[in-house]
Amino acid sequence: MNLFEGHGNREAKIRYLDGDFQILSPGSYVVCAMTGKQVPLDELRYWSVARQEPYADVASALEADRRAGVLPNQR
């Protein structure tokens, strides 16, 4: 059985790790912490280990880091 089969169209609960993630509760997607967009698990590429948040794309991830104050000041 495929990892994503049989879990319906519901939100997965995930533990975000360095370079990987662990599925705590099966589902087919997670919700981007910045945009609210549903991100299918097979398309999930961006997340924060420190904040345990998923992001839909690199722009959302960078904005979250900027808001959290983890990016250096740019002038």
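In the chain, the portion of solvent-accessible area held by carbon and sulfur atoms comes to 47 percent [1.4 Å probe, whole percent, DNA, RNA and ligands not counted].
Sequence-distant contacts, meaning Cα pairs under 8 Å at least 6 residues apart, place the relative contact order of the chain at 22 percent. Computed packing ranks the peptides 44-57, 15-28 as 44-57, 15-28, most packed first, by mean other Cβ atoms within 10 Å. Once a ≥ b ≥ c are taken as the square roots of the eigenvalues of the Cα gyration tensor of the chain, is the result rounded (a/c under 1.5), prolate (a/b larger than b/c) or oblate (a/b not larger than b/c)? Judged from the Cα gyration tensor, the chain comes out prolate (a/c at least 1.5, a/b above b/c).
Helix-only estimate, please: 222 nm mean residue ellipticity of the chain, summing -39500 (n - 2.57) across DSSP H runs of length 4 or more and dividing by its residues, to the nearest 500. Helix contribution divided over all residues of the chain: -4500 deg cm²/dmol.
The values are calculated or read from the model by the stated rules, or taken from the named source; none is laboratory data. If you're wondering where the values come from, they're calculated on a predicted model, not measured in any experiment. Cβ atoms come from the backbone with ideal geometry, glycine included; neighbour counts cover every protein chain shown. Please note that ligands, DNA and RNA were not included when accessible areas were found on the heavy atoms of the full protein model with its side chains. Shrake-Rupley method; radii C 1.70, N 1.55, O 1.52, S 1.80 Å.
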